[in-house]
Amino acid sequence: MKTQEVQQVEDDESSNTYGTINPEALAKLRARIGKEYPIEEPHIRFVNRDSIHHAARAIGDANPLWNDPVYAKKSRFGKLVAPPALLYGAHWGAWDMRRGEGLPGVHGLHSSDHWTYYQPVLDGDEVHATKTLTAADEMQGRWAGRSIMQKRNFKFFNQKDELVARCLMNAVRGERSEGKSRGKYADIKKATYTPEEIAAIDSEIEAEIVRGANPRNWEDVKLEESLQPLVRGPLTVPEMMTWIQGIGSPHVRSGQFWLRYRRQSPKVAVPDPRTGIPEAVERVHWDDFMAAEIGMPAAYDYGSQRGAWATHLMTNWAGDDGFLVDLDVTYRGMYFLGDTLRIKGTVSEKWVGKKTGIGYVDCTITGINQRGDVIMPGHATVALPSKAHRKLQFPIDVEADRG
Amino acid sequence: MTSEATVANPRYGKITDEEVAKLRGRMFKERVIAVPYNRVATLDGINHYMRGIGDTNPLYLDDAYAQGTRWGGVIAPPCFLYSVHWGSWDLRRGWGLPGVHGLHNQDRWQFFRPIKAGAPVHATRELVGLDEKQGRLAGRAFIETVRVKFRDEAGQMLAMVHMSSYRAERDAAKKANKYGDVKLGHYTAADLAKIEADYDAEVIRGAETRYWEDVNEGEVLQPVVKGPFTSADMIAWVMGVGSPHIRFGRYFLDYRRRTPAVVVLNPETGVPEPVERVHWDNFMAGELGMPAAYDYGSHRGALSSHLMTNWVGDDGWLALHDVQYRGMVFLGDTVWFRGTVTRKFEQGPNSFVEVEIQGVNQRSEVPLRGRAIAALASRARGPVVMPVEEVQ
């Protein structure tokens, strides 16, 4: 049976000791609805060759527009461009993204991201984000216990306070009994690969195509056209680590920072039963032992990684003169260590902006693991150069253009 | 001795005369480190490094604070430079003796000029030492030393490090067996409370100038405790300084193709992974005969420098930091870094203090030994004069 809900432990002051969604905690959370707060402790504030390169490595993206200063100088931007995934470092990797959202001890499951991009972020820019809780609605969870769908609106600004992007991030906060969580994945075994299978995946990596400097003209795009797929994995802990190297981690802290954090948010740490040492429950993302403690066959990815890989699929296809303007993806089921993910895209619609006449292309995105589960369905929209607009002008407001 | 995947395969190759001669032929050729983790000491890069070693010193984190110091703004802490060379992807090229295990056993740092936030750093590497040692067990062994120079945009020397590795042909399992009986860290709530009290007792000298005249030989520095170490600490470290072998997607594919020896197949899954995972993965460490995952030598070096930067204060300057890495620091260990002043001296316009350093773990073993020399402001002679000259 396909899993519908994301069973990830992540975010917030959540931990393995279960908290409850009591009326006071819920009221406290809801009191924040509509209030915009600055994110003050992001992983990335400055966009430069180092942070751009770290973000590109974080998603395994070797696109020269982000990595090669000589190449980028020849582009229309005249300098390195930040991959859209870099913006996760301004909010998701921040140390204070989740602060103040309460319901301590209640799991948070990152369920979807809807990104809208208005203009590129370039070498030399600075970025800062704000967060606004827009809803905390009760819902029927898949498992026993109450759940809250927590919706947040993140806005990303550059140093001129221009809005460069927006992300609507949803998370499911749910109480659940351990017994239910242990049942669902108990039969899944960690994937194994022969050298031939690894070689086959390597060939898929090599087959990746970066459109690059060869413009993809809107007129030339055909409906139902397939995008060159992206393969990820088999997922390993080092790959998890490159993600947080580039984007930051909410809960991985060391020394004085870790002590301070545990005192401020006690539920972020759980003592390891073997050593007594308090460790961040975030380690379900790299530590099989901790994952097993919550009934998972292996450690598993962060939802945000999947969203970032989806941007990679799209930027590969859009080319240097195109621009990803919208990405709406849902994180379903688990992506365990050892799993392989293939992200595919198909052109579903071509249309012209009502206000600007810009040529847009809509795509459906499907992320499928090697067991055949669709773990990331979604959509994306790309603005492409066309006869009417040989060179896209920014900012682009795709929502206004949809009419 | 710490294992750090210098030529990352735990297979034991032979050290032949041909390979040694080949390597000697490469000595004293200075090469650019072209793929550093950090090219610039950005405020973010410094922030990540500080988080990586758990250091909250505002001199390196808070520009508003640092503007009130003699440096005029945030400067990079001394061992930030590990993020330039150690975390690079090309430091270890040309280290030769393929298939022969390398254990990072020493760093001898010298610091000459401050690195202001936003300043680019250019690094070069050069093989400068290949000394044959009598191995403890049969088989050839060498201490291989690489000198890294860090220069600013104008070509002026910012700092230098001599990084040494123990290259030995002996079977790793034989060495590792001596750790079979190690009692890994286990802590009660009371144990943890004691360690937390030591964290709380840490002192950052900060704005209160430490004058050379006020320092006495035999004086004991306020210790700095680190740990109990978990995989998160290792992850925080590579977040701060980069990682030589952790790569993803296309980057990893290219690396595996060029340097097959850097990966081992995970025996559970058949998936190729960098052997560097011995540093956070107990299972993989077990495959090498270790009781648990263990730290990086460079990590130990950086942590020990925190002892000194705390002590010298905003007006002092760490000029020399020379530390040896002995034995293992396993996940679960706690290490206290301690220092004692052993001498005071004047050289050129500056007044210096030498400190003997030790890192002691909860088993009372000493996984780090070394010495540091710091320039301090003098009541008689004035503030530290930059650049600080070389001291021995």
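Values in this text are rule-based calculations from the coordinates and carry no lab data. Here the structure is a predicted model, which means the values were calculated and not measured. In this analysis, Cβ positions are derived from the backbone assuming ideal geometry, glycine residues included, and neighbour counts consider all displayed protein chains.
For the stretch B:203-355, what does the relative contact order come out to in percent, with C-alpha contacts under 8 Å and a separation of six or more? Display every interim value, and only then the final one.
Values: 199 pairs, mean separation 60.3, N = 153.
Relative contact order of the stretch B:203-355: 39 percent.
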Tell me the angle of helix B:297-312 to the major Cα principal axis of chain B, expressed in degrees between 0 and 90 and rounded to the nearest ten. 10
How many nm is it between the label spots at residue A:68 and residue A:162, if each spot is 7 Å from the Cα in line with the beta carbon? 2.7
Quick check: pseudo-label points 7 Å beyond the Cα along Cα→Cβ at residue A:77 and residue A:35, how many nm apart are they? 3.6
Along the Cα→Cβ direction, 7 angstrom out, place labels at residue A:132 and residue B:261. What is the inter-label distance in nm? 5.8
At R0 = 35 Å, how high is the FRET efficiency between residue B:19 and residue B:153 if r is their beta carbon distance? Nearest 0.05 is fine. 0.40
If the chain between residue A:214 and residue A:96 were fully extended at 0.36 nm per residue, the gain over the current Cα-Cα distance would be 38.4 nm
Note down the relative contact order for chain A as a percent, whole number, built from C-alpha pairs under 8 angstrom at least six residues apart. 20
Of A:37, A:348, A:395, whose Cα points farthest to the positive end of the dipole of the stretch A:23-402 (charges on the beta-carbon: +1 Lys, Arg; -1 Asp, Glu; origin at the Cα centre)? A:37
With everything on Cα atoms, drop me the angle between helix A:237-247 and the longest principal axis of chain A, reported from 0 to 90° to the nearest 10. 70
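Set the Förster distance to 45 Å, then compute FRET efficiency between residue A:186 and residue B:364 from the Cβ-Cβ distance, nearest 0.05. Provide the component values of the computation, followed by the final result.
Values: r = 44 Å, r/R0 = 0.98.
After rounding to 0.05, the efficiency reads 0.55.
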What aspartates and glutamates does residue A:155 reach when the alpha-carbon gap must be under 17 Å and sequence neighbours fewer than 8 apart in one chain are set aside? A:36, A:40, A:41, A:96, A:113, A:125, A:126, A:326, A:328, A:397, A:399
May I have the pair-distance distribution P(r) for chain B, computed from all Cα-Cα distances with 20 Å bins from 0 and rounded to whole percent? 28, 59, 13, 0
Find the Rg to Rh ratio for the stretch A:179-333, where Rh is the Kirkwood radius over alpha-carbon pairs and Rg uses the same atoms. 1.06
How big is the Rg/Rh ratio for the stretch B:273-392, C-alpha atoms only, Rh by Kirkwood, two decimals? 1.11
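Do the alpha carbons of any pairs in B:29/B:133; A:73/A:355; A:151/A:267 sit beyond 27 Å of each other, and which pairs? The partial results should precede the final answer.
Values: B:29/B:133 23 Å; A:73/A:355 31 Å; A:151/A:267 22 Å.
In this structure, A:73/A:355 exceed 27 Å between Cα atoms.
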Across every pair of different alpha-carbon atoms, what Kirkwood hydrodynamic radius in Å does the stretch A:23-402 reach? 21.7
One finds, for residue A:260 and residue B:197 with R0 = 22 angstrom and r their Cβ-Cβ distance, a FRET efficiency to the nearest 0.05 of 0.90
